[in-house]
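The values are calculated or read from the model by the stated rules, or taken from the named source; none is laboratory data. None of these values were measured; they are calculated from a predicted model. With ideal geometry, Cβ positions are generated from the backbone for all residues, glycine too; neighbour counts draw on all protein chains shown.
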Amino acid sequence: MKSRLLSAVAVATAVIMVMGTVSTANAKLKRINIGSNPAGSVYFLLAGGFAKLFQKELKIRANAQPHAGSSVYLPLMDKGEIVLGLNSSLDSGMAVAGTAPFKSKMKNVRMIARVWILPYAYIVKENSGIKTLADLRGKRVLVKVKTNVSLAQANRTLLSTAGLSPSNVKAIDSGGVVAGINSVVEGRAMATTVALTMPAMRKAHATVPGGLRVLGLGSMASNEFLAKGMAGLYTMTVKPSKRLPFVKGDTLIAAFDSYLNAGPQVKDDDAYALARTLHVNWKKLQKDYPPLRGTPQKGLAPSNNAMPYHPGAIKYWKEVGLWTANNAADQAKLMSKVR
C-alpha cells in the first residue's frame, strides 16, 4: 500500500515537473521583431545587428522592423505587438510620463540596456562670431524639429540653460537633424542642434570655410536642470580630438541615450537572456557597429535611465556587478510613475 502511494506521489511529481517545464518553454520567445526608425537610419542598422545576434546566440527568429519613428512603435510595444524596440531616453521619458505625442502612459514597456550614447549640442559656423549659447539671443535658431517632438523639447531645454526661450531667438523649424545642419551651412539659420558623432556633422565641418563650432551649455546647466526640462537628458564634457575637431576646448554639453526596450511579452527569463547576450558579445558588436563604440561595456546599465528596467534584466545586471544603489533608487522612482 505504502509502495503504491509512493509510486503515485512520484508520478504526480513527475507530471507537475513536466507541466512546469512546458509552461516555461511556452513562455519563451519564439520570434523577435525589433522596432526601429526607417531603413537607412542608425536605429535600423543597430536593430538589424541585434536581430542577427539574437538569432545566432538564442536560436530565435529575429528581424528589424522599420517605422516612421519611435513615437509610432512605442505604443505598439506597450500593446505587445512589437517585442523589442530601440528608443531614445527622451522618447522613453515622455512615454513613461504620458506626455505628447503619447496620449497615455506606457505602463508595459521595460528597458533591457543602454546601447548608444549621443552627445548633443548647438553648433554654429566658427566665423559667425558666436561663442556661447547666450550669444544666440535675437538670432535665427532652429528649435522645433517637425519629425521629432522630443528633440524640440530638448532644444528648448538647452537654450534655457542660458536663460533663453524660443521667444528670445528667431525660432525656425527644421525638417530633421541633417536638414538643420544644411540650414547652418547654407546660412539660412545661425545655429542648430546635432549629435556630435554624426558623419554629416564631420562632413559639414570639413566643407565650411573656417569650420563649425560646438556651443557649450549655459551657466544654469546641471543634470538636475536638464532632467527637469526633458527626462532622459543629462550633461557630459567633451574634449577636442581628431573625431571632434569642432570642439574648442573642454566643453560641457548635453547628451541622451538610446535604449533597447522590451514589450510585455518578454518574460523574466527572456529579458535575462537578452541582457546577457548583449553584455557577453558587446565588444564584438562594437567592432561591427561603430555607433556602439561610445558606450563602454560597463555602461550598459546606467542609473540615470528614463525607462524602468525589466526585472529579468535587473537580475543579470546584479549578477555581473553593474547594478548599484543608485540604480535601485532610480528604479523605485520610475516604477512609482508607471503604476
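Okay, here's what the table says:
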| item | result |
| --- | --- |
| Evaluation of Lys287 against (1) farther than 19 Å from Val266 by Cα; (2) surrounded by 14 or more Cβ atoms within 10 Å (Cβ to Cβ) (one fails), failing number | (2) |
| Long-range neighbours under 6 Å by Cβ, at least six apart or interchain, first residue under 15 Å from Ala306 (Cα atoms) within the range 77-93, second surrounded by 24 or more Cβ atoms within 10 Å (Cβ to Cβ) and of a type in the set (D, E, K, R) | Ser89/Asp257 |
| Residue check, Asp135 within 17 Å of the chain's Cα centre (by Cα) and of a type in the set (D, E, K, R) | no |
| Matching entry among Asn148, Asn127, Asn155 (being touching a residue at least 40 places away in the same chain (Cβ under 8 Å) and under 20 Å from Ser88 (Cα atoms)) | Asn148 |
| Residue that is nearest to Arg213 (Cα to Cα) [pool: residues in the range 225-247 that are of a type in the set (D, E, K, R) and either part of a helix (DSSP H, G or I) or touching a helix residue (DSSP H, G or I) at 6+ places or on another chain (Cβ under 8 Å) (or both)] | Arg243 |
| Sole exception among (1) crowded, with 20+ Cβ neighbours inside 10 Å; (2) among the hydrophobic types (A, V, I, L, M, F, W, C); (3) within 23 Å of Asn327 (Cα to Cα); (4) out of contact with any Gly (no Cβ under 8 Å at 6 or more places or on another chain) for Phe256, by number | (4) |
| Extreme residue, nearest to Gly218 (Cα to Cα), among residues of the range 98-121 that are in contact with a helix residue (DSSP H, G or I) (Cβ under 7 Å, 6 or more places away or on another chain), of a type in the set (A, V, I, L, M, F, W, C) and surrounded by fewer than 24 Cβ atoms within 10 Å (Cβ to Cβ) | Ile117 |
| The range 215-230: number of residues that are surrounded by fewer than 21 Cβ atoms within 10 Å (Cβ to Cβ) and either farther than 18 Å from Leu90 by Cα or not hydrophobic (A, V, I, L, M, F, W, C) (or both) | 8 |
| Selection count, the range 248-265, where residues are among the hydrophobic types (A, V, I, L, M, F, W, C) and modelled with pLDDT under 95 | 0 |
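Residue by residue, here is whether (1) buried (at least 19 other Cβ atoms within 10 Å of the Cβ); (2) in the same structural domain as Ala227 (by TED's automatic domain parsing); (3) hydroxyl-bearing (Ser, Thr, Tyr); (4) modelled with pLDDT of 95 or more holds:
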{"residue": "Thr295", "(1), (2), (3), (4)": "yes, no, yes, yes"}
{"residue": "Leu300", "(1), (2), (3), (4)": "yes, no, no, yes"}
{"residue": "Asn304", "(1), (2), (3), (4)": "no, no, no, no"}
{"residue": "Met307", "(1), (2), (3), (4)": "yes, no, no, yes"}
{"residue": "Gly312", "(1), (2), (3), (4)": "yes, no, no, yes"}
{"residue": "Trp317", "(1), (2), (3), (4)": "yes, no, no, yes"}
{"residue": "Ala325", "(1), (2), (3), (4)": "no, no, no, yes"}
{"residue": "Ala329", "(1), (2), (3), (4)": "no, no, no, yes"}
{"residue": "Ala332", "(1), (2), (3), (4)": "no, no, no, yes"}
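Rundown of residues vs (1) loosely packed, with under 10 Cβ neighbours inside 10 Å; (2) modelled with pLDDT under 95, yes/no style:
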| position | (1), (2) |
| --- | --- |
| Asn26 | yes, yes |
| Asn33 | no, no |
| Ala39 | no, yes |
| Phe54 | no, no |
| Gly69 | no, yes |
| Gly85 | no, no |
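Conditions (1) assigned by TED's automatic domain parsing to the domain that holds Met230; (2) part of a helix (DSSP H, G or I); (3) acidic (Asp, Glu); (4) buried (at least 16 other Cβ atoms within 10 Å of the Cβ), marked per residue:
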{"position": "Ile123", "(1), (2), (3), (4)": "yes, no, no, yes"}
{"position": "Asn127", "(1), (2), (3), (4)": "yes, yes, no, no"}
{"position": "Ala134", "(1), (2), (3), (4)": "yes, yes, no, yes"}
{"position": "Leu142", "(1), (2), (3), (4)": "yes, no, no, yes"}
{"position": "Ala152", "(1), (2), (3), (4)": "yes, yes, no, yes"}
{"position": "Leu158", "(1), (2), (3), (4)": "yes, yes, no, yes"}
{"position": "Ala162", "(1), (2), (3), (4)": "yes, no, no, yes"}
{"position": "Ala171", "(1), (2), (3), (4)": "yes, no, no, yes"}
